[in-house]
């Protein structure tokens, strides 16, 4: 038995090509709109859990943090910038939600104080080293000083008498 050859007409090929092109375009826009996990993690690493002390949103899995992560994902998909998202959470929870304090006002000391401490430490070390270099050498210990002649004669006399 001979199988008939199926031949696709050009219009069907054109329709299949256009359908594939449309599908690829839709898939690409869907992927472009969905925020990637690393982008979300960069933001959640910069925010603290409002209930737990010292834990970032990335580390914490309590319901509040899960909701905050979901909200971050929604805002990123809507095209909201990272800074606007951070500002939203600061308005909602206050400055303590930020993992790093802002360098404004009193918080500026947190950024400047380590530098001041390092400079002061370097000055103290330089002054101490300079004072040490200026000192006179200390007297040699008793073990390295020569013994008096009278003492040596006395020791020799006692050894002879022994």
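Read-outs throughout are calculated quantities, based only on the coordinates presented, and are distinct from any laboratory measurement. Quick caveat, the model's predicted, so the values are computed rather than measured.
Stokes-Einstein, applied to the Kirkwood radius of segment 36-100 over Cα pairs at a viscosity of 1.306 mPa s and 10 °C, places its translational diffusion at 138 µm² s⁻¹. Calculated on the alpha-carbon coordinates, the convex hull of segment 57-162 measures out at 255 cubic angstrom per residue.
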